[in-house]
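Notes follow once the structure below has been shown.
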Amino acid sequence: MKLDGRCAIVTGAASGMGRATAQTLHDAGANVVLLDVTEEPLAKIAAELGDRAVAVRADVSAADEVENAVRTATEQFGTVHAAVNCAGIPSMMKTVAKGGVPHSLEVWQRVIDVNLTGVFNVVRLAAAQMVTNEPDPDTAERGVLVNIASGAAWDGTRGTVAYSASKAGVVGMSMPIARDLAKDGIRCVSVVPGIFETGMAGEVSETVLTSLQESVLFPQRMGDPPEIGRLIEHIITNAYFNATCISLDAGLRARH
């Protein structure tokens, strides 16, 4: 699907991978609807992008707020052609901490609400709009869904049980969503990043972060968010990507 003149919703757009992705898609000619819970940074990014960019404050786990975002996208740009789920929150808490303290169920639930339920909330509402689109004359596509998972889905480190579970759920959704929407000409792909230079990396302990960086094969560094943006642009514009999970991690394999 060509991006020029099409509309893409990007969640988590106020920072990190979401911001870089919004910039990349906008540079490629897309109209972008930026979603995040942090209003001021979001509005600033929309102003920097200028024309063809709209900011909508939304918690992805809230049905009414995402419904409003999809409605805004449709009102501003006619419809929705792509939805990219970059919104997510970290969690560092062991199943049982020192002193026999069990993992907080409240923390678990919030991570699942944002990282897993929030992704599906955007998927279901964006796809409901996409099915009304006319098929692309060249590819017969009506829409593309791209969800950010994580290598933690299958290689989680100590203390990331909630985060890893939420991202494993994102990976697990890819195939059934793609199957559900195949007849409608809508693709679904998950991107599985390694460690990237984002605000979320700052939430990880220095010890764990150092260990992860040392576990990267080549190039031995943290990823740059625009590298995610360029991959997502390619996924959207290459109609043969579907029902798969693509790792972008320079060969990272966690040691513990």
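The values are calculated or read from the model by the stated rules, or taken from the named source; none is laboratory data. Keep in mind the model is a prediction, meaning the values are calculated, not measured. Ideal geometry is used to build each Cβ from the backbone, glycine not excepted, and the neighbour counts take in all protein chains shown.
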Report task. Examine region 123-139 for a residue that is out of contact with any strand residue (DSSP E or B) (no Cβ under 6 Å at 6 or more places or on another chain), within 30 Å of Gly251 (Cβ to Cβ) and in contact (Cβ under 8 Å) with a residue 24 or more places away in the chain, and state whether such a residue exists. Result -> no
Query raised in the report: Are any of the residues in region 199-220 closer than 25 Å to Val66 by Cα and touching an Asp or Glu at 6+ places or on another chain (Cβ under 9 Å)?
Result: no
Query raised in the report: What pairs can you find where one residue is in region 20-47 and of a type in the set (Lys, Arg) and surrounded by fewer than 18 Cβ atoms within 10 Å (Cβ to Cβ), the other is part of a strand (DSSP E or B) and modelled with pLDDT under 95, and their Cβ atoms are less than 9 Å apart, with a gap of 6+ or different chains?
Result: none
Query raised in the report: Could you count how many residues in region 1-19 are surrounded by fewer than 24 Cβ atoms within 10 Å (Cβ to Cβ) and under 14 Å from the mean Cα position of the chain (by Cα)?
Result: 2
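Give region 206-234 a look and list any residue that's in a helix (DSSP H, G or I) and among the small types (Gly, Ala, Ser), or say none.
Quick first cut of region 206-234, residues in a helix (DSSP H, G or I) only: 206-214, 225-234.
Correct list: Ser211, Gly229.
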Report summary line: Of Val171, Val216, the only residue that is in contact (Cβ under 8 Å) with a residue 60 or more places away in the chain and over 17 Å from Ile89 (Cβ atoms) is Val171
Query - Residues of region 20-37 that turn out to be under 19 Å from Thr117 (Cα atoms) and more than 14 Å from the chain's Cα centre (by Cα), as a count - result: 1
Query raised in the report: Going by the structure shown, is Ser174 out of contact with any helix residue (DSSP H, G or I) (no Cβ under 9 Å at 6 or more places or on another chain), under 21 Å from Met17 (Cα atoms) and not aliphatic (A, V, I, L, M)?
Result: yes
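Being under 19 Å from the mean Cα position of the chain (by Cα) and surrounded by fewer than 17 Cβ atoms within 10 Å (Cβ to Cβ) is the filter; apply it to region 118-143 and report the residue that is farthest from Ser61 (Cα to Cα).
Of everything passing the filter in region 118-143, Ala128 is farthest from Ser61 (Cα to Cα).
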Report summary line: Within region 214-256, of all residues that are within 17 Å of Thr157 (Cα to Cα) and either in contact with a helix residue (DSSP H, G or I) (Cβ under 8 Å, 6 or more places away or on another chain) or at pLDDT below 85 (or both), the one surrounded by the most Cβ atoms within 10 Å (Cβ to Cβ) is Leu252
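Go through Ala73, Ala152 for me and flag whichever is within 23 Å of Phe196 (Cβ to Cβ) and surrounded by 21 or more Cβ atoms within 10 Å (Cβ to Cβ).
On the way: Ala73 fails: within 23 Å of Phe196 (Cβ to Cβ).
Just a single option satisfies the conditions, and that option is Ala152.
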Report task. All but one of (1) farther than 24 Å from Asp4 by Cβ; (2) in contact with a Phe, Trp or Tyr (Cβ under 9 Å, 6 or more places away or on another chain) hold for Arg187, so report the exception by its number. Result -> (1)
